[in-house]
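**Q** Here it is: the structure, laid out below.
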Amino acid sequence: MQKHKFKHTLLSLALLLCSLTALATDKPNQTDFERYTVRHVIFNSTFILPEIARSYGIKRSKYESLINVSVSELGQSGGLAVKLSGTSRNLLQQQKVLEFIEIKEQGTTYYLAPIKISGEEILHLHLSVVPEGEQAPLEVKFSQKVYSD
């Protein structure tokens with residue numbers, strides 16, 4: 001149990017560091033709605049330690065980034081369980097469906113999906129988020145420049 005908890009703590013710490021790095025930029029990594037906040041950050045998969053990546057089935061590669069998405073009630077922290085789907089599209093209009101894995105730990109839920117990249121490129125992302133008990137999806141669209149590691 002302790003090793004499992006340590007594994008989650010390391011992944012959470014890595015994701016927190018990636019989020020803080022992203023927040024230091026001039027572009028916000030969240031979209032606020034009437035009742036919810038959707039937070040998102042894209043980071044290189046090589047930021048995750050090999051043993052943590054292995055335990056979650058995450059591929060580490062300089063040509064693979066990860067998107068981390070969490071949803072909370074407006075003004076709150078933590079992550080809610082949601083139905084989440086999304087796509088990424090590059091400048092050549094090549095579109096890929098994002099395949100999210102749900103990670104639950106210590107009262108919070110967040111989602112990770114791999115995104116293949118080649119060198120430096122601009123990605124246009126579209127997320128559709130449906131919090132539990134809601135009918136209409138929250139639509140999030142944003143663009144971000146990404147780099148291979």
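**Q** Which members of region 109-149 meet the condition of being closer than 19 Å to residue 92 by Cβ, of a type in the set (A, V, I, L, M) and surrounded by 14 or more Cβ atoms within 10 Å (Cβ to Cβ)?
**A** Passing the criteria: 115, 117, 123, 125, 146.
Rundown of residues vs (1) closer than 23 Å to residue 144 by Cα; (2) under 14 Å from the mean Cα position of the chain (by Cα), yes/no style:
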position: 36; (1), (2): yes, no
position: 45; (1), (2): yes, yes
position: 55; (1), (2): no, no
position: 60; (1), (2): yes, no
position: 66; (1), (2): yes, yes
position: 94; (1), (2): yes, no
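**Q** Would you mind telling me which numbered condition in (1) closer than 22 Å to residue 139 by Cβ; (2) touching a strand residue (DSSP E or B) at 6+ places or on another chain (Cβ under 9 Å) residue 93 fails?
**A** So the condition that residue 93 fails would be (2).
**Q** Sticking with this one: Residues that are free of Cβ contacts under 8 Å to residues at least 24 places away in the same chain and over 25 Å from residue 34 (Cα atoms): find the strands (runs of 3 or more DSSP E) completely inside region 92-137 holding 3 or more of those. Walk me through how you get there before you give the answer.
**A** Values: elements: 95-97, 101-105, 108-116, 120-131.
Where strands (runs of 3 or more DSSP E) fall fully within region 92-137 and carry at least 3 residues being free of Cβ contacts under 8 Å to residues at least 24 places away in the same chain and over 25 Å from residue 34 (Cα atoms), they are 95-97.
**Q** Which of the residues that make up region 26-45 are farther than 16 Å from residue 125 by Cα, in contact with a strand residue (DSSP E or B) (Cβ under 9 Å, 6 or more places away or on another chain) and either surrounded by fewer than 17 Cβ atoms within 10 Å (Cβ to Cβ) or modelled with pLDDT under 90 (or both)?
**A** 32, 33, 35
**Q** Still on this structure: All but one of (1) in contact with a strand residue (DSSP E or B) (Cβ under 6 Å, 6 or more places away or on another chain); (2) among the charged types (D, E, K, R); (3) surrounded by 12 or more Cβ atoms within 10 Å (Cβ to Cβ) hold for residue 60, so report the exception by its number.
**A** Just one mismatch for residue 60, condition (1).
The values are calculated or read from the model by the stated rules, or taken from the named source; none is laboratory data. The structure displayed is predicted, hence computed values, not measured ones. Methodologically, a virtual Cβ is constructed for each residue, glycine included, from the backbone with ideal geometry; neighbour enumeration extends over all protein chains shown.
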